[in-house]
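Structure record follows, encoded as structure tokens.
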Amino acid sequence: MAAIPDIAPAETWAAMQNDPAAMLVDVRTDAEWNFVGIPDLVDAGKRVVLIPWQVYPSMAVNSHFTEALRKGGLLPEHRVYFICRSGARSLAAAQAAQAAGYAAVFNVADGFEGPVDRDGHRGQAAGWKAAGLPWVQR
């Protein structure tokens, strides 16, 4: 299996705008989507596909994840970018997608909120939100 490339949030946004085959899958939980927000792809003419990698509250891996990709309209021909809070779950999801036959998969580096800063907060130093990319509160 090939290594999954980390792609910066700004490069991911550019792909959403310029590549018709590019799709963004947010693999966080319902709670994160509802309370933290989600990437807003309206200006790119797309929608983010919401499929949890882990199921809240148990945080067990979603055993229907790759099936949900297909049901979500993602085809092996798509270029699929995976995003989570900080880049760990999205990497695991990208690896599972690759094993299921999705050849062009990418991990959004630093995710939606990025790592914890020195004050213990996320979203300030790195990630989708810190890059000033469009997002919306659900």
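Rule-based calculations on the coordinates, nothing more; no lab input. Keep in mind that this is a model prediction, so the values were computed, not measured. Backbone-built Cβ (ideal geometry, glycine too); neighbour counts: all protein chains shown.
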Fill in: Dipole of the chain, positive direction: furthest Cα of Ala126, Tyr102, Ala44, with charges on the beta-carbon
Tyr102
Response to the item:
From DSSP H assignment alone, runs of 4+ in the chain each adding -39500 (n - 2.57), the sum over residues rounded to the nearest 500 puts [θ] at 222 nm at -7500 deg cm²/dmol
Worksheet item: Charges only on Cβ, +1 for Lys and Arg, -1 for Asp and Glu: so what's the dipole of the chain about the Cα centre, in debye to the nearest 20?
Response: 240 debye
Item to complete: Express in whole angstrom the spacing between the alpha-carbon centres of the range 57-100 and the range 9-50.
Response: 13 Å
